[in-house]
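The numbers here are math on the coordinates, done by the rules we state, and not lab data. Every value quoted in this text rests on a predicted model; they were computed, and no experiment measured them. Note: ideal-geometry Cβ built from the backbone for every residue, glycine included; neighbour counts use all protein chains shown.
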Amino acid sequence: MTLSTLVAEEQEVLEHYLRAFGALERNGAARDGSWVAALRRSAMARFSRLGFPTARRGNEEWKYTDIRPIARRPFQLPLPPGSPAVGAAELAAFALGPTGGSRLVFVDGRYQEQLSSRPSLPGVSVLSLAEALTSGADTVQEHLGRYADCDTHAFTALNTAFLHDGAFVHIPQGTTLDKPVHLLFLSTAHAQDTATHPRVLIVAGEGARATVVETYGGPSGADYFTNAVAEVVVGPGADLTYYKEQRQGERAFHVTTTQVVVGREATFSSFNLDLGGALARNNLNVAMDDERGACALRGLYLMGGAQHVDNQVIIEHARPYTTSRELYKGVLNGRSRAVFHGSIIVHKGARKVDAEQVDKNLLLSDEAEADTKPAFWIYCDDVKCRHGAACGQMDENALFYLRSRGLTEPAARRLLTRAFVSELVEGIASETLRDRVDGLVEARLSSWLGDDEAVG
Amino acid sequence: MLEIRNLHASVGEVEILKGIDLQVKPGEVHAIMGPNGSGKSTLAYVLAGKPGYVVTAGEVTFLGKDLLPMKPEDRARAGLFLSFQHPLEIPGVRLDQFLRAGINGIRKSRGLEELDVLKFDRHLVKKVQLLEMDQGLVRRSVNEGFSGGERKRNEVLQMAVLEPTLAILDEPDSGLDIDAVQEAAKGINQQRGPENATILITHYQRILNYVVPDVVHVLINGRIVRSGGKELALEVEAQGYEELQEAEATLRSSG
Ligand SMILES: Nc1ncnc2c1ncn2[C@@H]1O[C@H](COP(=O)(O)OP(=O)(O)OP(=O)(O)O)[C@@H](O)[C@H]1O
Ligand SMILES: [Mg+2]
């Protein structure tokens with residue numbers, strides 16, 4: 001194919017999205033407040049001007065991730081799912097277990113009341129965004145679309161243009177949620193390749209404390225595209241833990257943008273687990289917007305086959321005495337590829353900022369590849385910034401040491417790989433989530449490194 | 001139990017073992033001494049099956065089986081144990097965790113029942129007490145932040161836990177204080193028995209006061225140049241290797 005036919009293909013896909021947008025508007029599928037309609041319209045206009053970021057030359061943000069497979073395919077908006085939308089077994093595979101907390105289930109981007117559970121929590125809102133938009137909650141209008149940037153980010157613009165459902169979580173001032181809120185987004189197989197654009201808004205009021213878990217899953221045989229955007233507001237003194245697990249099918253495309261604003265003396269802790277997808281890209285943008293805010297961002301990705309994962313984390317220290325800690329680790333098997341692109345920006349006058357960024361990769365095969373790209377933009381002298389990166393194969397000496405004690409080679413490899421990720425798993429405060437991640441990691445490693453003998 | 005005949009081995013392009021002959025019978029303790037770089041650790045690694053150590057000639061039988069084609073884990077399962085001269089740190093792996101996997105691998109290969117966490121813990125605690133070690137050590141990542149001496153004692157502990165038929169101990173006394181040498185010797189002796197044997201590599205005669213060898217070998221430049229009774233160790237310590245080295249050089253030049 002020549003360059004011009006390729007570009008024409010991308011142009012055709014853009015027009016496809018414009019037509020889909022027009023059809024939605026005409027049949028009045030979205031009948032919520034006019035401000036939402038305006039938000040969508042301007043996002044669509046923006047998206048059609050931006051196009052997908054396929055140009056790789058001079059495009060640092062997308063240099064290592066080729067998104068042409070997304071840009072050249074006219075993904076359809078899925079028709080509303082039948083009933084039941086997913087089977088009990090599928091649901092159980094992704095459910096959090098009996099935590100007693102709230103659970104919102106979305107199938108192909110649409111909220112499923114009968115699969116969800118919403119214990120009543122005084123003052124707390126955990127509801128579908130569609131519902132929140134029709135009921136006209138002020139908090140939604142105050143925050144939705146305010147943080148996630150459509151102007152320069154095509155995927156955010158596309159998500160906003162097709163914004164119709166998702167989750168709204170509001171924990172008001174001084175409220176502590178002791179059970180996690182689980183947002184479960186499942187995709188199903190369709191005759192056509194489909195795209196969903198889930199939208200999440202989480203607002204933690206002053207001094208609120210909560211844990212929100214977001215899970216993405218879908219069938220392994222289908223080509224589908226999830227383009228999610230989450231806006232997270234952590235109010236003054238609030239403490240929010242945000243845990244996201246990506247367990248998409250092996251042919252899925254997954255792009256997420258998480259825009260976080262951390263207030264005065266607030267704490268934001270995230271954990272990003274990537275296991276699935278053919279191509280996954282996570283944009284995590286954290287604005288440390290007021291003094292003494294702290295964030296701890298952690299990530300773990302286990303990729304095999306031809307999987308590709310790209311974590312782009314941007315932390316903006318706008319104010320003094322803000323701290324950030326990043327620790328991402330990857331285990332790469334097969335021909336998989338991982339990119340970690342971590343930017344730390346310290347604004348002028350943001351004294352005593354303390355930032356640390358670490359990304360480490362363990363390569364289980366000769367063909368796997370990892371790229372770590374740290375970038376620091378520091379406009380203030382009085383700061384502490386550190387970064388560390390490591391990438392390598394398993395330590396042969398350690399392997400021999402364990403084998404000399406009677407462990408088989410696969411068992412020794414599995415033990416050392418688990419040891420590599422253990423600080424991340426052990427670091428998960430919630431026991432439920434820690435056990436869950438441990439189980440997922442163990443299952444993945446067993447599938448790669450044999451299961452002949454139990455370890456530990 | 002162990003028969004080494006004309007063993008030659010190389011690392012990379014360099015030949016390091018140049019024809020080793022050694023026979024170890026059940027119940028025996030063999031001490032191997034020799035100057036730095038003479039090939040003692042290389043011999044230990046070759047016997048334990050470390051990848052990268054290539055045997056270019058000779059043969060080794062262990063308990064009647066051809067040892068050399070065996071994988072390291074199969075050698076361990078057959079009853080061979082190596083105490084490392086430089087035990088390494090393995091962050092994130094706890095001693096109790098991997099030793100249970102190790103011992104169960106060994107037990108399984110012998111048709112014995114595997115130990116569950118509880119039974120294994122009891123076994124481990126017994127050995128820790130026997131060696132008068134700190135209980136906390138086994139719950140920490142292997143050797144992470146351990147002192148040199150602690151690492152060595154940790155190796156002896158692993159030996160005690162795995163109860164090998166043949167223990168190859170590569171300088172288990174280096175870096176230990178005087179009391180610790182005695183403790184280590186106690187652990188080594190505890191493992192001895194009429195069916196078991198020990199190869200003890202050392203630079204110092206001191207440990208041989210406690211673990212009394214049946215035979216002492218002097219390894220120089222990849223060859224055993226002299227073997228004798230325990231008094232050979234005293235002689236080496238008193239005189240150094242110079243004379244023996246000269247003898248080795250003459251041996252070499254004469255063919
Ligand atoms: N991986 C390697 N690559 C190249 N040379 C090696 C390697 N390992 C060992 N050697 C060389 O082999 C020779 C023997 O080493 P070895 O460790 O067996 O000596 P040693 O007798 O145990 O010495 P020491 O008393 O210092 O422990 C040395 O000259 C050493 O440099
Ligand atoms: Mg040595």
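Miscellaneous remarks
- Nearest 10 degrees, 0 to 90: helix B:148-162 Cα axis against chain B principal axis: 70 degrees
- A viscosity of 1.306 mPa s and a temperature of 10 °C, combined with the Kirkwood radius over C-alpha pairs in the Stokes-Einstein formula, give the stretch A:3-290 a diffusion coefficient of 83 µm²/s.
- Shielding of B:88-100 by partner chains, average beta-carbon count, 10 Å: 6
- With the Kirkwood sum run over all distinct C-alpha pairs, the stretch A:332-456 has a hydrodynamic radius of 16.9 Å.
- Per the Debye calculation on the protein assembly as shown with a single equal scatterer at every Cα and no solvent contribution, log₁₀ I(q)/I(0) for q = 0.07 Å⁻¹ amounts to -0.61.
- Folded to 0 to 90 degrees: helix B:242-253 orientation relative to chain B principal axis, Cα: 60 degrees
- Taking 27 Å as the limit for the C-alpha separation, the pairs B:40/B:65; B:18/B:50; B:18/B:108 exceed it in the case of B:18/B:108.
- Pairwise label distance in nanometres, residue A:397 with residue A:381, each label 7 Å out on the Cα-Cβ vector: 4.3 nm
- Convex hull of the stretch B:2-254 built on C-alpha atoms - directionally averaged projected area, nm²: 13.7 nm²
- Residue by residue along A:420-430, Cβ atoms of other protein chains within 10 Å of the local Cβ number 1 on average.
- Out-of-range pairs (alpha-carbon distance over 29 Å; input A:179/A:352; B:71/B:230; A:244/A:373): A:179/A:352; B:71/B:230
- Peptide-level mean, for A:411-417, of C-beta atoms on other protein chains within 10 Å: 4
- For chain B, the longest principal axis of the alpha carbon atoms and the long axis of helix B:117-130 meet at an angle near 50°.
- Projected label distance in nm at residue B:234 and residue B:114, using a 7 Å step from Cα toward the beta-carbon: 5.2 nm
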